[in-house]
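Okay, so here's the structure we're looking at.
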Amino acid sequence: MKWRSWAAGGVALAVAFLAAWLTVFGSRALAASHTERDVQAGRALFATHCAACHGEGGRGDGASAASFATRPSDLADGRLMNGLPDEFLVSVITHGGPAQGLAPTMPPFDRTLSADQIRRVVAFVRTLARPDYRGGPTTLARPPRAPRQPIFFNHVIHSGSFQIPCQYCHADARRSEYAGLPSIERCVGCHKIIGVADNPEIGKIHDYARRGAPIPWMRVFKVPEFTYFPHKAHVRADVACQTCHGPIERMPVVGADTGPGLAHDLARLVGLHPPQRLLTMGWCVDCHRRENATRDTHAPLDCIACHH
Ligand code: HEC
Ligand code: HEC
Ligand code: HEC
Ligand code: HEC
Ligand code: HEC
Ligand code: HEC
């Protein structure tokens with residue numbers, strides 16, 4: 001009798017163990033085979049639709065690559081590709097290069113491939129990267145109130161992919177009140193050659209340069225005249241640009257909802273505590289209090305420091 005219940009207990013234990021093993025490892029194996037299937041399907045689609053330009057291995061050396069002034073991107077260069085979120089790749093493949101400011105020689109595939117097929121192609125493209133793609137943010141940031149700029153300047157390409165340091169372009173941030181916007185000479189320095197022949201957005205840079213006109217960028221972050229905001233102090237105190245401006249390297253177009261808002265003020269009036277809106281006095285003061293309490297900083301709270 002005893003050995004029987006023993007055996008039954010053993011079997012029950014084995015069953016429970018097997019069930020647990022299956023839920024933990026079985027599902028993982030299933031997920032892995034699922035993505036592996038995606039990659040295989042993506043590889044076939046890539047060979048049919050992309051290899052003529054990008055090459056079998058994605059190196060930008062397909063049979064017709066030489067006929068393009070802007071070379072088809074080297075999709076195997078992990079240094080450039082790994083900082084690009086999936087949504088960026090999907091956007092370019094679905095709607096063509098101009099959807100992200102790139103050349104129209106990268107054609108749209110929305111009529112040839114389904115959303116699911118494009119997802120599989122992206123899964124395959126990720127496997128080409130050297131150094132390896134190890135994941136990262138998958139979505140682009142699309143902040144509110146992003147203005148229509150005179151040139152589609154994309155931070156995702158300059159900062160996310162090419163990783164040009166923020167202060168290479170916003171060079172005054174460390175030493176003055178303003179971060180500053182780059183001069184047209186700074187753009188021309190790189191774009192004398194890059195993209196001029198076949199990217200109309202880059203062509204616009206040269207139109208402005210020829211006319212000797214500055215590019216009339218629309219401003220996004222702006223405090224009223226009667227307030228003093230020095231970038232220098234904040235950069236030197238190691239406050240990251242993104243703390244105040246958001247994930248710029250994932251923004252195709254920079255935007256932000258800033259300044260006092262009526263709905264927000266009313267919510268506070270009735271005792272709710274919505275987070276402070278960007279660039280309001282409460283936003284500045286809250287951070288100054290928080291920083292002083294948690295770090296060895298002396299961020300000012302007296303009126304005159306910000307209003308003089
Ligand atoms: C007719 C040629 C052509 C075909 C076909 C083509 N591409 Fe491209 N692709 C280009 C060119 C040229 C660029 C570079 C555009 C630029 O840098 O302005 C590009 C850029 C890209 C980029 C942007 C990468 C980066 O540098 O940010 C991705 C992603 C991409 N292609 C994926 C694909 C995929 C996937 C396919 C197949 C579904 C495909 N392309 C088919 C020509 C092509
Ligand atoms: C340090 C070099 C560098 C500087 C400075 C630079 N760019 Fe670029 N830019 C690039 C590279 C590299 C690309 C990617 C080209 C490609 O793959 O087609 C690019 C792409 C672009 C594109 C096409 C993609 C997009 O962003 O829409 C535009 C437009 C552009 N740059 C505008 C500008 C403007 C305007 C300035 C000056 C404010 C500027 N660039 C400064 C290197 C630079
Ligand atoms: C290649 C030059 C370049 C680089 C690199 C660059 N930017 Fe910019 N940035 C610009 C240009 C040009 C504009 C104006 C057009 C726009 O708003 O997108 C701009 C706009 C901005 C704005 C909005 C300014 C306003 O109107 O209030 C912020 C904030 C900003 N950049 C932050 C950053 C940060 C943070 C980084 C690094 C992650 C960075 N930028 C890297 C060129 C650059
Ligand atoms: C503590 C918050 C904070 C930090 C950190 C910060 N900024 Fe700003 N930034 C602002 C505010 C506030 C404005 C509006 C300033 C004004 O109107 O004078 C602004 C404006 C800008 C502008 C518009 C042009 C200008 O000079 O006014 C750019 C570009 C910019 N910031 C880039 C950067 C970059 C790049 C960094 C990191 C090196 C950075 N910011 C760090 C808060 C910040
Ligand atoms: C994310 C946190 C943060 C935000 C938001 C912020 N600050 Fe600061 N602020 C700091 C820190 C940190 C310091 C540096 C304190 C130090 O050096 O000990 C500082 C310092 C300052 C100083 C002193 C400069 C000096 O030379 O000593 C002024 C003025 C200032 N901030 C104004 C503002 C204004 C105006 C705003 C809102 C538009 C603002 N700050 C938003 C964190 C912040
Ligand atoms: C850390 C920076 C900072 C400090 C300290 C500060 N302010 Fe401000 N203040 C701002 C900013 C930024 C604005 C503009 C945005 C806004 O209206 O919320 C502003 C706006 C104001 C306004 C205009 C409000 C409106 O509705 O137009 C008044 C009045 C004002 N501040 C008074 C004061 C007084 C009084 C003190 C001292 C008790 C003070 N501030 C301390 C940053 C500061």
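Points worth noting:
- Annotation note: Cβ proximity below 8 Å between a residue of the range 287-299 that is farther than 17 Å from Tyr228 by Cβ and a residue that is assigned to a helix (DSSP H, G or I) and not aliphatic (A, V, I, L, M) (sequence gap 6+ or interchain) occurs for Thr297/Glu291.
- Tabulated pairs, the range 40-58, first in contact (Cβ under 8 Å) with a residue 12 or more places away in the chain, second among the β-branched types (Val, Ile, Thr), C-beta under 6 angstrom, 6+ apart or interchain: Gly42/Val121; Leu45/Val121; Phe46/Val121
- Among residues of the range 170-188, those that are more than 6 Å from ligand 2 (Cβ to nearest atom) and either among the charged types (D, E, K, R) or in a helix (DSSP H, G or I) (or both), counted: 7
- For the range 165-177, the count of residues that are over 30 Å from Arg43 (Cβ atoms), under 17 Å from the mean Cα position of the chain (by Cα), of a type outside the set (Lys, Arg) and within 16 Å of ligand 4 (Cβ to nearest atom) is at least one.
- Residue within the range 204-222 that is touching a strand residue (DSSP E or B) at 6+ places or on another chain (Cβ under 9 Å) and in a helix (DSSP H, G or I) present: no
- Annotation note: Cβ proximity below 6 Å between a residue of the range 187-205 that is among the small types (Gly, Ala, Ser) and a residue that is away from ligand 4 (no atom under 16 Å from the Cβ) and not in a loop (DSSP other than H, G, I, E, B) (sequence gap 6+ or interchain) occurs for Gly195/Ile202.
- Top-ranked residue in the range 206-246 [being β-branched (Val, Ile, Thr) and over 23 Å from the mean Cα position of the chain (by Cα); ranked as farthest from ligand 5 (Cβ to nearest atom)]: Ile215
- Within the range 233-249, residues that are at pLDDT 95 or above have Cβ atoms under 9 Å from residues that are more than 6 Å from ligand 3 (Cβ to nearest atom) and among the aromatic types (Phe, Trp, Tyr) in these pairs: Cys244/Trp283, counting only partners at least 6 apart in sequence or on another chain.
- Top-ranked residue of the range 253-308 - restricted to ones that are within 11 Å of ligand 5 (Cβ to nearest atom), closer than 21 Å to Arg142 by Cβ and modelled with pLDDT of 95 or more, ranked as surrounded by the fewest Cβ atoms within 10 Å (Cβ to Cβ): Leu278
- Residues (aromatic (Phe, Trp, Tyr) and buried (at least 19 other Cβ atoms within 10 Å of the Cβ)) located in the range 62-112: Phe88, Phe109
- Filtered by the rule that a residue be part of a loop (DSSP other than H, G, I, E, B) and within 23 Å of Ala44 (Cα to Cα), the range 86-130 gives Gly96, Thr105, Met106, Pro107, Pro108, Phe109, Asp110, Arg111, Thr112, Leu113, Ser114, Ala129.
- Some residue of the range 103-123 being closer than 30 Å to Lys204 by Cα, within 16 Å of ligand 4 (Cβ to nearest atom) and of a type in the set (A, V, I, L, M, F, W, C): no
- Residues (within 14 Å of ligand 1 (Cβ to nearest atom) and exposed (fewer than 13 other Cβ atoms within 10 Å of the Cβ)) located in the range 164-193: Ile193
The values are calculated or read from the model by the stated rules, or taken from the named source; none is laboratory data. Values in this document were obtained by computation on a predicted structure and should not be read as measured data. Reconstructed Cβ throughout: ideal geometry from the backbone, glycine too, with neighbour counts over all protein chains shown.
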